[in-house]
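The values are calculated or read from the model by the stated rules, or taken from the named source; none is laboratory data. No experiment lies behind these values; they were computed from the predicted model shown. As a convention, Cβ positions derive from the backbone with ideal geometry for all residues, glycine included, and neighbour counts pool all protein chains shown. Ligands, DNA and RNA are excluded from the accessible area calculation, which covers all protein heavy atoms including side chains. Shrake-Rupley method; radii C 1.70, N 1.55, O 1.52, S 1.80 Å.
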Protein chains: 2
Amino acid sequence: MAPHQEGEEVSNKQVLLRDYVSGSLQETDMVISTAGTTHLKAPQGSKAILVKNIYLACEPYLKALMTKGVTYSVEPGSAIAGIGVAKVLDSDHPDFKVGDLVWGMTRWEEYSLINTPQVMFKIHNTDVPLSYYTGILGMPGITAYAGFIEICSPKKGEYVFVSSASGAVGQIVGQFAKLMGCYVVGSVGSDDKVRLYNNSLIVDLLKSKLGFDEAFNYKKEHDLDAALKRYFKDGIDIYFENVGGKMLDAVLLNMRQNGRIAVCGMISQYNLEQHEGVHNLINLITKRIRMEGFIVSDYYHLYSKFLDLTLQYIKEGKMVYVEDIIEGLESGPSALIRLFAGHIVGKAVIRVSHE
Amino acid sequence: MAPHQEGEEVSNKQVLLRDYVSGSLQETDMVISTAGTTHLKAPQGSKAILVKNIYLACEPYLKALMTKGVTYSVEPGSAIAGIGVAKVLDSDHPDFKVGDLVWGMTRWEEYSLINTPQVMFKIHNTDVPLSYYTGILGMPGITAYAGFIEICSPKKGEYVFVSSASGAVGQIVGQFAKLMGCYVVGSVGSDDKVRLYNNSLIVDLLKSKLGFDEAFNYKKEHDLDAALKRYFKDGIDIYFENVGGKMLDAVLLNMRQNGRIAVCGMISQYNLEQHEGVHNLINLITKRIRMEGFIVSDYYHLYSKFLDLTLQYIKEGKMVYVEDIIEGLESGPSALIRLFAGHIVGKAVIRVSHE
């Protein structure tokens, strides 16, 4: 294929939002369109950049962006917004030049015009897989760092519980916890995850590859309280919350004095009409628990500190990252549905194009 | 009556716990006993003090102390434990002398032998009502200070909501909030409270006497969310939680970005078999809310700082305190029941003896 000329008009495959999502997310809420085209040019004076998307992160928060009334929500008929890794094809912004690699908010399409490139992060270290910038070196990484290190202030020897432990964020939290000398147990939410690795390998994966002390599938437990008591005889100091609902209720019963709960997500609740009631909040008082929700963008000022630390751990082999790379933009909608159903192990990444 | 001789045996009226409370607290869970006697003497070598109780605080946490399995719970057949103001009649402890006034953990009886007087606070300022040491200058005061000032870090101009606003703690929180330049709205939980002051005076009391900007009876509101939106058009920065359940759910919907919730109590839940479910915790994430339970004893190191500040405010007329003083130890059990039913305005104090 001949190189594109400046400003050339090319076809631009997209994943469009059909209409605002209400209730459970369906694959049919998204439409693959091959009708669109784009000029491979950032308009002069626009301060924009034109990028070719390489990897797109498949994440639960995408559903929120498809919901009416949310800040930054996507308009029906437009391409879904989300974090991705991209290469600059044209730049009208002084800080970006052709060939630069960036990660940040882009769209589910082959080519995107990014009007505010100043909020993108430039990628300088390319001796790790580029897809890592949608995961361990990107938003999930800084999310794990902010929620676990900054909000929970873990101390050596503390007891840590992580839900969605095999997910994009959970696996990083577990590894940070081990590196800080904590005891860490992770829960996962689907039998499929187990089957995907020959029936027992999710536990092996969490325990041997990611270093968790223990791991269990919470959907196989009749009594979550009993399950937690099995793994935490002396209770939980830190809970990294990704699930919500009944799991949170059981955790509250098992928290220790001065426990901390970083509320990162509540994936079990996102697809419910009405969220489950949490009954055990009284434990916040009796155990002096701090429970704190957070949004990763409030912690972006810590990104370079986090990146240096994590890159070093990766290079020293002290941290690893499990990814499920899904080929092709057109596979995005079904991957997102499988993610919500708990049928993806590790970080789900959509490969839009090859680097 | 002739003064008691040292070691004299006197009758000692008591309020005894009949049996551990399960479910709703009943007046019959407590028994008035006039059968007991006590020697007005702290045994030699005991490091104890023998006190005459003057005021006893009537507070929701007393129910917790009557429940099986709780730390510091009261044994069935013993006098109920609780905070009070007392005068030292005899002392075997070097730090206490006859005639000293103290406040701290004592028992619902006329005379108490206190084995660990070192955890009592000595009262040095007696130019304020002594009963204040069960309230604004005692545990409710330091509770309000710790929860509002230390945990919520209020800033001038912030929007503050206080539930149980006419209660022992709530009225202090409201006044601290006004002194710090916040807008503050309080809720109360009973029509009776309103009737007690000629149908509308609870609002007057909160607004004119205590300085709240607005006040409402939440039990008269069909839609708590709508009620909160009426008073907080721009949302709530700080919620001082005394109620729990449906109120907390409605508050979560109305919190602002970076809001803080100090969880002091959940009185609406204490008498329920199963606590109500709270459905809107997802707002912790979307609004980056910090929700923190606390126990006042963790903040006792701040007591003298708090006391100096609050005494000054009281002396300058910048803070006031509404009390409901109930005469006689034998009125204690019914007062406690009325407190749970929301039929007491201000701090409920039982006068056991005159100073």
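Observations on the model:
- Filter pass, A:GLY265 being within 22 Å of the chain's Cα centre (by Cα), open to solvent by less than 60 Å² (accessible area, probe 1.4 Å) and without any contact (Cβ under 8 Å) to a residue 60 or more places away in the chain: no
- Top-ranked residue of segment A:279-297 - restricted to ones that are at the interface with another protein chain (Cβ under 7 Å from one of its Cβ atoms) and within 16 Å of the chain's Cα centre (by Cα), ranked as surrounded by the fewest Cβ atoms within 10 Å (Cβ to Cβ): A:ILE295
- Here A:LYS47 fulfils each of the conditions (1) under 24 Å from A:SER334 (Cβ atoms); (2) out of contact with any Lys or Arg (no Cβ under 7 Å at 6 or more places or on another chain) apart from (1).
- Check on A:GLY170, surrounded by 24 or more Cβ atoms within 10 Å (Cβ to Cβ) and out of contact with any His (no Cβ under 8 Å at 6 or more places or on another chain): yes
- Within segment A:65-75, the residues that satisfy the criterion of being farther than 19 Å from A:GLY138 by Cα and open to solvent by less than 50 Å² (accessible area, probe 1.4 Å) are A:MET66, A:THR67, A:SER73, A:VAL74.
- Residue within segment A:223-231 that is open to solvent by 10 Å² or more (accessible area, probe 1.4 Å), free of Cβ contacts under 8 Å to residues at least 24 places away in the same chain, away from chain B (no Cβ under 14 Å) and among the aliphatic types (A, V, I, L, M) present: yes
- Identification of helices (runs of 4 or more DSSP H) wholly contained in segment B:182-255 with 3 or more residues that are touching a Phe, Trp or Tyr at 6+ places or on another chain (Cβ under 9 Å) and either at pLDDT below 95 or among the hydrophobic types (A, V, I, L, M, F, W, C) (or both) yields B:224-231, B:245-254.
- Residue-level analysis places B:TYR159 among those that are closer than 30 Å to B:GLY235 by Cβ and open to solvent by 30 Å² or more (accessible area, probe 1.4 Å).
- Residue within segment A:40-50 that is in a loop (DSSP other than H, G, I, E, B), in contact with a strand residue (DSSP E or B) (Cβ under 9 Å, 6 or more places away or on another chain) and within 23 Å of A:ARG351 (Cα to Cα) present: yes
- Residues that are among the aliphatic types (A, V, I, L, M) and out of contact with any Leu (no Cβ under 9 Å at 6 or more places or on another chain) within segment A:127-148 comprise A:ILE136, A:MET139, A:ALA144, listed in sequence order.
- Only a single criterion out of (1) closer than 19 Å to B:ALA146 by Cβ; (2) charged (D, E, K, R); (3) not in a strand (DSSP E or B) is not satisfied by B:GLU292, namely (3).
- From A:ILE202, A:ILE172, A:ILE236, residue being over 30 Å from A:GLN26 (Cβ atoms), touching a residue at least 60 places away in the same chain (Cβ under 8 Å) and of a type in the set (Val, Ile, Thr): A:ILE236
- So A:GLU276, is it touching a His at 6+ places or on another chain (Cβ under 8 Å) and either assigned to a strand (DSSP E or B) or open to solvent by 20 Å² or more (accessible area, probe 1.4 Å) (or both): yes
- B:ILE202 fulfils the conditions (1) more than 12 Å from every other protein chain (Cβ to nearest Cβ); (2) surrounded by fewer than 19 Cβ atoms within 10 Å (Cβ to Cβ); (3) more than 20 Å from B:ILE149 (Cα to Cα) except for a single criterion, (2).
- Total residues in segment B:336-350, condition crowded, with 20+ Cβ neighbours inside 10 Å and either part of a strand (DSSP E or B) or among the basic types (Lys, Arg) (or both): 4
- Residue within segment B:31-47 that is buried (at least 23 other Cβ atoms within 10 Å of the Cβ) and not aliphatic (A, V, I, L, M) present: no
- If you check A:SER131, A:SER112 for being open to solvent by less than 30 Å² (accessible area, probe 1.4 Å), among the small types (Gly, Ala, Ser), more than 30 Å from A:ARG290 (Cβ to Cβ) and within 20 Å of the chain's Cα centre (by Cα), only one passes: A:SER131.
- Residue pairs whose Cβ atoms lie under 7 Å apart, sitting 6 or more positions apart in sequence or on different chains, and linking a residue in segment A:319-338 that is under 20 Å from A:LEU17 (Cα atoms) to a partner that is open to solvent by 20 Å² or more (accessible area, probe 1.4 Å) and aliphatic (A, V, I, L, M), are A:LEU329/A:VAL352; A:GLU330/A:ILE32.
- In segment B:246-262, the residue that is least open to solvent (accessible area, probe 1.4 Å) out of those that are facing chain A (nearest Cβ under 9 Å) and within 21 Å of A:GLN274 (Cα to Cα) is B:LEU248.
- Verdict on B:GLU241 being within 12 Å of chain A (Cβ to nearest Cβ), acidic (Asp, Glu), open to solvent by less than 50 Å² (accessible area, probe 1.4 Å) and closer than 26 Å to B:ILE337 by Cβ: yes
- Among the residues of segment A:311-333, none qualifies, meaning not one is facing another protein chain (nearest Cβ under 10 Å), touching a strand residue (DSSP E or B) at 6+ places or on another chain (Cβ under 7 Å), open to solvent by less than 40 Å² (accessible area, probe 1.4 Å) and not aliphatic (A, V, I, L, M).
- Among the residues of segment A:295-319, the ones that are in a loop (DSSP other than H, G, I, E, B) and among the polar types (S, T, N, Q) come to 0 in all.
- Taking segment A:1-30 as the range and being open to solvent by 70 Å² or more (accessible area, probe 1.4 Å) and among the small types (Gly, Ala, Ser) as the test, the residues that pass are A:ALA2, A:SER11, A:SER22.
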